[in-house]
Amino acid sequence: MTRAIAHGVATMFRHQRLALILWMWSLVIALAGAAPAIRWFGLAWPVRPQADTMLQAFDFPTYFDLSAYDTSPTWTLAMAAVGGAVLLAFVGGAFMSAATLHVLLGHDDTERTRTLWSRFGRGGGQAFWRSLGVSVINLCAVMLLTGLVLAAAAMAVRPFEDGPSEAAAWLAMVGPLVPAALVVAVLSAVADYARLRVVADPVCGALRAWFSALSFTLRHPLSTTVIWSVFAVMTALVLVASFSWSVTAPTHSTAWLAALVLVQQGVMVARAMIRVGVLGAEASYADARGFALPELPSALVDLLPQQPEFEPERVERLDAGDRVPDEGVDQRPV
């Protein structure tokens, strides 16, 4: 597990161009979700005097007040744009994950004429539909299991809801979220290992890959969860640091606005590097455990050429340097 994490950290810095591809994909998603909202608010805010207060620093109450523009469903339009971006991220994420794993596994390293872009596109295209199937199966499993865990945890902490102490109130509020977060972490790791399986094994379907990944994760619960959680904590730290700086940074000048944009894009690059790192760590751990080896079907194994078996006498004669006459050829002197 420790070696896999170290390998993942090294992968973060060794495959920087791969991280840049993921960063560019995040820009596409961000523009798809933010462009309609930026267009709408750009028309509404210039005529609102209260918007001048946002030039000093970002303020959530003022932001929500300014969002109520006229009688138009502002937030409905914004959420529709965000929903479209989420759908794009869900479908495109299956391609991006499969393509990233294809490059990390080095399937085309022997073909020197292939560029990174061609290897990336080839890997994503070959496993796209099976990777998307893994995403759909995993989403259904997350919704089902998370709902069951939240319901069971809510019943377990119900006696603490009316408790006299503040600790009991916090337990009732936060308690159900802990097992639900654990379920999400485990199933996220399952999805990654399932995508690793469909990329490594071209004959493995999405359903079989997902259940084999679930079995692998349950057989190694601590290692697989810790590997995923380490990189998830890295991502959370980057996001918290960026958000803390963004909400306090002044926005009254063009220089500060440019700095804010650069910091945000730096965070997106860091997230892309961490994503490459976690996939590299999981691929290393799966390879060490023999999970990502392709399984050839029996029909294909039967078609593979078999090594010929020599009779003992023929082997001795070959070792002695004698020429073995070909069968069916007349060896009599002419």
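If you count only protein heavy atoms with a 1.4 Å probe, what accessible area per residue comes out for segment 117-239, rounded to a whole Å²? Don't jump to the answer; show the numbers that get you there.
Details: 6260 Å² over 123 residues.
Using a 1.4 Å probe on heavy atoms only, each residue of segment 117-239 averages 51 Å².
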Simple spin-label estimate for residue 80 and residue 248 in nanometres, 7 Å along Cα-Cβ: 3.9 nm
What's the local net charge at residue 282, with K and R +1, D and E -1, over the other residues with C-beta under 15 Å away? +4
With all protein chains present and a 1.4 Å probe, how do 15, 7 order by accessible area, largest first? 7, 15
Of all the accessible heavy-atom surface of segment 116-206, with the other protein chains kept in place and a 1.4 Å probe, what percent is carbon and sulfur? 75 percent
Ranking 227, 199, 183 by how far each Cα lies towards the positive end of the charge dipole of segment 139-283 (+1 on Lys and Arg Cβ, -1 on Asp and Glu Cβ), the top one is 199
Report the calculated FRET efficiency for residue 157 and residue 184 (r = Cβ-Cβ distance, R0 = 25 Å), to the nearest 0.05. 0.85
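Is there a quick way to get the dipole size of segment 184-275? I mean about its Cα centre, with the Cβ of Lys and Arg at +1 and of Asp and Glu at -1; what is the value in debye to the nearest 20? Can you show the working numbers first?
Details: 6 positive and 2 negative charges, 39 e Å.
Once rounded to the nearest 20, the dipole reads 180 debye.
The values are calculated or read from the model by the stated rules, or taken from the named source; none is laboratory data. Treat the numbers as computed from the prediction; the structure is a model and nothing was measured. Every residue, glycine among them, receives a Cβ derived from its backbone with ideal geometry; neighbour counts consider all protein chains shown. These accessible areas exclude ligands, DNA and RNA; they are computed on the full protein's heavy atoms, side chains included. Shrake-Rupley method; radii C 1.70, N 1.55, O 1.52, S 1.80 Å.
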